[in-house]
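Asks: Quick one: this structure, given as structure tokens, is what I'll be asking you about.
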Amino acid sequence: MIKNDCYVPLFTVCVLYTQAMGNKEWREFGRTEVIDNTLNPDFVRKFILDYFFEERQNLRFDLRLEKPLGGIPGKKCGTVIVKAEELNNCRESVMMQFCGNKLDKKDFFGKSDPFLVFYRSNEDGTFTICHKTEVVKNTLNPVWQAFKIPVRALCNGDYDRTIKIEVYDWDRDGSHDFIGEFSTSYRELSRGQSQFNVYEVSCWESCVLSLCTTGNPAQPTSLHYMSPYQLNAYAMALKAVGEIIQDYDSDKMFPALGFGAKLPPDGRVSHEFALNGNPQNPYCAGIDGVMEAYYQSLKSVQLYGPTNFSPVINHVARYASSVKDGSQYFVLLIITDGVISDMAQTKESIVNASCLPMSIIIVGVGPAEFDAMVELDGDEVRISSRGRYAERDIVQHCCRPRTSVHGNDFP
Ligand SMILES: *[C@@H]1O[C@H](CO)[C@@H](O)[C@H](O)[C@H]1NC(C)=O
């Protein structure tokens, strides 16, 4: 909504800027379509941004009119309403199979040798090829082999983005004949085999392609992550994530617990000890306080396996279950370098905690395997324990802090 006393702008465009990693310089990320003659433009074009959980990603939206609004700098000139949603299935892959029916006959002798070419559409209206099927020889009713493709490759995770599919007749000399084309979207395709996924191929009156199958849970991305500076990686993750989440806490007093260490004086192994050494009052002032307690504890405790998550989750769950009136929400931030030694108990603790006002953020650092964390995350398969399912997804994990303490530490 643009406030303007003098005139209705001839055209309006909204330009999105993001900040560069190092020098924080603003860079144009993209712009919306141009909308004519209105003070209330409703832009359709969407922007897809990579989301880095542990980073503050500033965005700037500039509205451009055909001439600047006159008037006093700093005066309110209207409101920009930004709607954002998470494209949470970007790690998903989809299995598809197509078959054709009565395709056009292009070869003089015999039938056609059809194959399909898939294109993803880009923000600027261009198309990028993303998949080709094999050639099925000498038929007008081909059944192509099922194939698997990441949703990101197909449509950049944007379910409504156009996917263009061209049908060709293969020729030995490479001069493949164009049979026709049709468009769809991942949202359409994901409806599976049904009347919604029968497409007329334009160029030929009665040629129909249909989708036979779809749907396949994701292949989790590999989360290997190497660092020769593991302790620094912890501090880095703590600082990066902590500074973001501390904004949500009004008093900024954080209880900080360590787990997986032998404690002085007797060397007993603990999976929930106060980082500041004070079990009666484990609260630290701000993320800086947590960092300091962490460094102090490194000097006194001896790090020791196994890595048990369950005790610390139950610890927070005890607090969360004592607040029934909805006035408080608990976020447990777990920073870990290792495999989870008590997976079964951890899953049960998460299922137990899923009805409480709490969330768990797991940040993985170092060279360990993180498959277990992907499982706990529950984005792909809702977590369960002994037949009971979590009431909601309370775990978020992230395993690739991008900011590095020493520049290029991460090969
Ligand atoms: C989960 O809750 C049940 C019932 O309160 C309890 O018996 C069990 O010990 C809890 N599981 C874990 C791993 O803490």
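The values are calculated or read from the model by the stated rules, or taken from the named source; none is laboratory data. Keep in mind the model is a prediction, meaning the values are calculated, not measured. We work out accessible area using only protein heavy atoms, side chains counted, and drop any ligands, DNA or RNA first. Shrake-Rupley method; radii C 1.70, N 1.55, O 1.52, S 1.80 Å.
Asks: Calculate, for the range 88-202, the solvent-accessible area per residue in square angstrom, rolling a 1.4 angstrom probe over the heavy atoms of the protein chains.
Replies: 49 Å²
Asks: At a temperature of 25 °C and a viscosity of 0.890 mPa s, determine how fast the range 279-352 diffuses translationally according to Stokes-Einstein, using the Kirkwood radius over alpha-carbon pairs as Rh; express D in µm²/s, rounded to the nearest whole number.
Replies: 171 µm²/s
Asks: Can you sort 371, 169 by 1.4 Å-probe accessible area, starting with the largest?
Replies: Solvent-accessible surface, decreasing: 371, 169.
Asks: With no solvent and one equal point scatterer per Cα, compute the Debye intensity ratio I(q)/I(0) for the range 88-202 at 0.23 Å⁻¹ and report its log10, rounded to two decimals.
Replies: -1.36
Asks: Of 173, 377, which has the most accessible area and how do the rest follow, probe 1.4 Å?
Replies: 173, 377
Asks: Quick one: which residues, 5 or more positions from residue 185 or on another chain, have an amide H under 5 Å from its amide H? H modelled 1.01 Å from N in the peptide plane, none for Pro or chain starts.
Replies: Here the answer is 163, since their amide H atoms fall under 5 Å of that of residue 185.
Asks: ³J(HN,Hα) across the range 38-44 via Karplus (A = 6.51, B = -1.76, C = 1.60, θ = phi - 60°), whole Hz, x for Gly/Pro?
Replies: 8, 8, 10, x, 10, 7, 9
Asks: Return the whole-Å distance between the Cα centroid of the range 128-150 and the Cα centroid of the range 264-306.
Replies: Between the Cα centres of the range 128-150 and the range 264-306 lies a distance of 58 Å.
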